[in-house]
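Every read-out reported here was derived from the displayed coordinates using simple, explicitly stated rules and does not represent laboratory data. As the structure is a prediction and not an experimental result, all values here were calculated from the model. Cβ placement follows ideal geometry from the backbone for every residue including glycine, while neighbour counts extend to all protein chains displayed.
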Amino acid sequence: MTDSAPEKPQLNEQQVRHVARLARLSLSEDELTAIAADLDAVVRFVDRLAKVDVQGLEPMASPHGHSSRLHPDEPIAPLSQETVIGAAPEHQGDYVAVPKVLDQGADA
Amino acid sequence: MTHPETARDIAAAVQAGQTTAIEVLETRLARIEQIDQQLGCFQQVRAETARADAHRVDEAIARGEAAGPLAGVPIAIKDNIMVQGEPATCGSRILEHYVAPYEATAIERLRAAGAVMLGRTRCDEFAMGSSTEHCAFGPVHNPWCHTRVPGGSSGGSAAAVAAGLVPCALGSDTGGSIRQPASLCGVTGLKPSGGRISRWGLVSFAPSMDQIGPFTRDAADAALLLQVMAGQDHRDDTSAEAIPPSGLQGLDAPLQGLRIGVPAEHCSADNHPEVNAAVERAVDTFKSLGATVCDVQLKTTELGVACYYVVGPAEASSNLARFDGIRYGRRADAPGVELEELYARSRSEGLGAEARRRIMLGTWVLSAGYYDAYYRRALQVRRLIHDEYAALFKQVDLLLGPTVPAPAFKLGEMADPIDMYLCDTYTVTANIAGICGMSIPGGLADVDGDTLPVGLHLQGPVLGEDRILQAAHQFQQATDYHLSQPPGAATSTCS
């Protein structure tokens, strides 16, 4: 954990490609170039945060001052299986259909 | 000039038997049929189901029952709020054929109050935008001038109310998405405090800042709709356990002794001159109503948009991860590809440019090596913004300023994403800090020969809606800006 100013971003296309993979987006080469330029501009803009003295400030993930309440112990009707399965773009019987995943190596 | 009908007028007339819910509905449906082709406010009008809803209200009244404070009032719903059994596209191809499996709490409560859900309005994809140009199904046009944007992301709802297609509509506001379009379209738009209205059934964009709120013709209608929708909900743990808002009660209480602060940073010389002139006129009006008005500083204003464009995309990238083409939404037609490739293709084909840009940005600020420098730091700046507001609300009861720096811009005019983001400079900090805010009409400006509305921004502390609604109501009793309507919405004659 550090409060020091972030390094000036050097958002190259390789990094953008890495972020796209993390985000599960497949971008064409043209899109990659365009989005790299856009991201770099936004990152430069948000860099003004680096100049703020944030020493000792507790990060605030949410302004909601209330959470983790106990719910009343009352049964409520769940969504029907038909509704949930029906929302999937592809299904077989009572199952959501997906491509085979087991024989594609550990990264799949 | 005939005054636009309020939700209160309609509900009173329907309940008293002077008209029926079905008559009210048919009038609005006819108007939509007549002019919405030019405006594009509606993604879908649900005429048949709305007729069935209206008949139910009429039947209840025929049986001598009280049909609720919104008896027979037609409401338009932003297309990111779930109405059970209806599509909820969020303005995105990825959800084009998605049907909401359950009902948003806000909709449940509106229905119980007698309201009739008339249709769903267009918005920027996943509520990301300030112009409604980022809607996958087409843009919305500003009823005041069809070559200009209605603002966004709740542009369809704002324009529908401005054009008299509906007396009220729902939007959602994560960084200004209710207040900015309300300002650009000349209607009243309320962003309640974080937690005031349950987010159950609102498709998540950035849950720490998302909030449902109403567009109305005036502040009293906003107070009524807030009262109907507000309240704790066990399905949304961030909904606040709080004293309910007072609705119409207390709106007429005098403003004597009310302390209003005007943030110097919001009255920038870079604003359109008519925007600053509207704020000056409003200061005089509030003084004449007995309030004391003083200049204050809101130094964190310049940090708001930067903080927002770290926190918002970070939350969005997490929330939109659910759209993977597996459980719901659109799946890429790519037989034989591996799972990860299927995810990537489904998302890339289904999500538009702005959504992809924010997902990328959010993923980056949360990624290893950048989390502390960007995300954690933004959360610390958020604390700073929150604390500055909290200190300010010990000195004054509410803040007054412009909602946006300038009136409506032209479709296609705002090409640079950062310029678009800066439209939200005065509104984002309310979401960051969780406080309430609203935009009310503050006059008309002449921009290159076009007559366009200018909005006033009122901000109050967390759960302080009663106070800003009271101030807005008194302002509207003393002025007639909120009664201005676009010149014959079907035949707007602007450049």
Exercise. Once amide H atoms are placed 1.01 Å from N in the peptide plane, what residues at a sequence separation of 5 or more from B:Gln43, or on another chain, have their amide H within under 5 Å of its amide H?
Worked result: B:Arg120, B:Thr121, B:Arg122
For this session: Give, as a single signed number, the net charge of other residues whose beta carbon lies under 14 Å from the beta carbon of B:Ala415, with Lys and Arg counted +1 and Asp and Glu -1.
Result: -4
For this session: Return the percentage of antiparallel bridges among DSSP beta bridges fully within chain B, rounded to the nearest 5 %.
Result: 70 percent
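Take peptide A:91-101, look around each residue's Cβ out to 10 angstrom, count Cβ atoms belonging to other protein chains, and average those counts.
Details: counts 1, 0, 0, 0, 0, 3, 2, 8, 11, 3, 3.
Partner-chain Cβ atoms within 10 Å, mean over residues of A:91-101: 3.
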For this session: Report the FRET efficiency, 1/(1 + (r/R0)^6), for B:Glu349 and A:Gln15, where r is their Cβ-Cβ distance and R0 is 30 Å, rounded to 0.05.
Result: 0.80
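Rounded, prolate or oblate: pick one for segment A:9-54, where a ≥ b ≥ c are the square roots of the eigenvalues of its C-alpha gyration tensor, a/c under 1.5 means rounded, and failing that, prolate if a/b is larger than b/c, else oblate.
Working: a/c = 3.11, a/b = 2.16, b/c = 1.44.
It is prolate, given that a/c is not under 1.5 and a/b is the larger ratio.
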Exercise. Tell me which lysines have Cα within less than 23 Å of B:Lys287's Cα, excluding those fewer than 8 residues away on the same chain?
Worked result: B:Lys394
Exercise. Which of the listed residues, B:Met438, B:Val454, B:Cys41, is farthest toward the dipole's positive end in the protein assembly as shown, when Lys, Arg count +1 and Asp, Glu count -1 at the beta-carbon?
Worked result: B:Met438
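At a 10 Å Cβ-Cβ cut-off, how would you order A:Glu58, B:Glu465, B:Glu65, fewest neighbours first?
Arranged by neighbour count, lowest to highest, A:Glu58, B:Glu465, B:Glu65 become A:Glu58, B:Glu65, B:Glu465.
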Exercise. Say each of B:Glu338 and B:Glu59 gets a label point 7 Å from the Cα, pointing the same way as Cα to Cβ; how far apart are those two points in nm?
Worked result: 5.7 nm
Problem set entry | Global geometry of chain B, whether rounded, prolate or oblate, following the gyration tensor of its Cα atoms and the 1.5 cut on a/c | rounded
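As a footprinting exposure proxy, order B:Val262, B:Val428 by other Cβ within 10 Å, with the fewest listed first. Please list the in-between numbers first.
Values: B:Val262 20, B:Val428 28.
Fewest to most other Cβ atoms nearby, the residues stand as B:Val262, B:Val428.
Looking at segment B:321-445, what % of the alpha carbon pairs are farther apart than 24 Å? Show your work: numbers first, answer last.
Working: 4191 of 7750 pairs.
Counting pairs separated by more than 24 Å, the tail of P(r) holds 54 percent.
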Exercise. To the nearest whole number, what is the average tally of beta carbon atoms from other chains within 10 Å of the beta carbons of peptide B:338-351?
Worked result: 4
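For segment A:45-78, which trypsin sites (Lys or Arg not before Pro) are both in a DSSP coil and crowded by at most 15 other Cβ atoms within 10 Å? The partial results should precede the final answer.
On the way: sites: A:Arg48, A:Lys51, A:Arg69; in loops: A:Arg69.
For trypsin sites (Lys or Arg not before Pro) across segment A:45-78 that sit outside H, G, I, E and B with at most 15 neighbouring Cβ atoms in 10 Å, the list reads A:Arg69.
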Exercise. Given the C-alpha centroids of segment B:51-78 and segment B:97-151, what is the distance between them in whole angstrom?
Worked result: 21 Å
Exercise. How many nm is it between the label spots at B:Asp270 and B:Arg235, if each spot is 7 Å from the Cα in line with the beta carbon?
Worked result: 4.2 nm
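Which shape class applies to the protein assembly as shown: rounded if a/c is under 1.5, otherwise prolate when a/b exceeds b/c and oblate if not, where a ≥ b ≥ c are the square roots of the Cα gyration tensor eigenvalues?
Values: a/c = 1.56, a/b = 1.16, b/c = 1.34.
Oblate.
If we count other beta carbons within 10 Å of each Cβ, what is the order of B:Leu165, B:Leu398, fewest first?
Values: B:Leu165 29, B:Leu398 26.
Sorted ascending by nearby Cβ count, the order is B:Leu398, B:Leu165.
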